[in-house]
Amino acid sequence: MENAPTSSPPAALLLAAAGVAFTAHQHVEIRTGADIRNRTGFTEENIQNSLKTVAFSVGPDRLVLATVPGPARIRYGRLTAVLGVPRSALRSADEAVLRKLDMERGGVGPICDVPDVTVVFDASVPQMGKVLCGSGRPDYTVEAEAADIVRIPRNAVVADITSV
């Protein structure tokens, strides 16, 4: 397990505190799939074994992180059904919301222990093995076992939220 210095993003600190073995990857800032391919040393296999997390606001007080395998697409109808809200209630989280989570665009990830945040993992995630995911910062990616990542959030839900 890597020791996470205090300058590390919260995701690395949470993994270290939970005793989860992980590897930290520092790189230039990435914000898109094209950035990952063109600006890092990650291989296509790494990208296939990655997690993509999208942050949403649901109404004025509810925050949701939806996490799926990197190449997959979120099915919003399935996600809103899991959350018990209409599709119209789901909004992309803005910069202010991301700051509350200590995250930035390009680095949003599922490793979050903020009490009022729900992290919805696609049903396929826990069995993915070792994966790359956002750390909260666009210049830092963490690599750990998906099953370990799923157990970090206080309010984790595992459900089928991707295309078949």
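The values are calculated or read from the model by the stated rules, or taken from the named source; none is laboratory data. Since the model is a prediction, treat every value here as computed from it, not as a measurement. Note: ideal-geometry Cβ built from the backbone for every residue, glycine included; neighbour counts use all protein chains shown. Just so you know, the surface numbers come from the protein's heavy atoms only, side chains and all, with ligands and any DNA or RNA stripped out. Shrake-Rupley method; radii C 1.70, N 1.55, O 1.52, S 1.80 Å.
Some notes on this structure:
- Taken about its Cα centre, the chain carries a charge dipole of roughly 500 debye when the Cβ of each Lys and Arg holds +1 and the Cβ of each Asp and Glu holds -1.
- Pairwise centroid distance, computed over Cα atoms, of segment 112-164 with segment 30-74, Å: 10
- Candidate values (1) 58, 47, 26; (2) 50, 42, 30; (3) 40, 32, 27 were compared with Cα extents along the principal axes in Å computed on the shown model; the agreeing label is (3).
- The phi torsions of segment 19-28, fed into the Karplus equation with coefficients 6.51, -1.76 and 1.60 and a -60° offset, translate into couplings of x, 8, 5, 8, 10, 9, 10, 8, 7, 4 Hz, rounded to whole numbers, with Gly and Pro shown as x.
- Ordering of 148-154, 9-15, 39-45 by packing [mean C-beta count within 10 Å, highest first]: 9-15, 148-154, 39-45
- Computed magnitude of the charge dipole of segment 113-155 (debye, nearest 20; Cβ of K, R +1, Cβ of D, E -1): 40
- Expressed to the nearest 5 percent, the antiparallel share of DSSP beta bridges inside segment 24-164 is 65 percent.
- In this structure the amide hydrogen of residue 121, modeled in the peptide plane, comes within under 5 Å of the amide hydrogens of 67, 157, 158, 159, none closer than 5 places in sequence on its chain.
- Residues with amide H under 5 Å from that of residue 75, placed H, sequence gap 5 or more: 162, 163
- Accessible area expressed per residue, the chain, with surrounding protein chains retained (probe 1.4 Å, Å²): 49
- Taking θ as phi - 60° and the Karplus parameters 6.51, -1.76 and 1.60, the scalar couplings of segment 88-105 work out to 5, 7, 8, 10, 4, 5, 8, 4, 5, 5, 4, 4, 4, 8, 6, 10, 10, 4 Hz in sequence order, x denoting glycine and proline.
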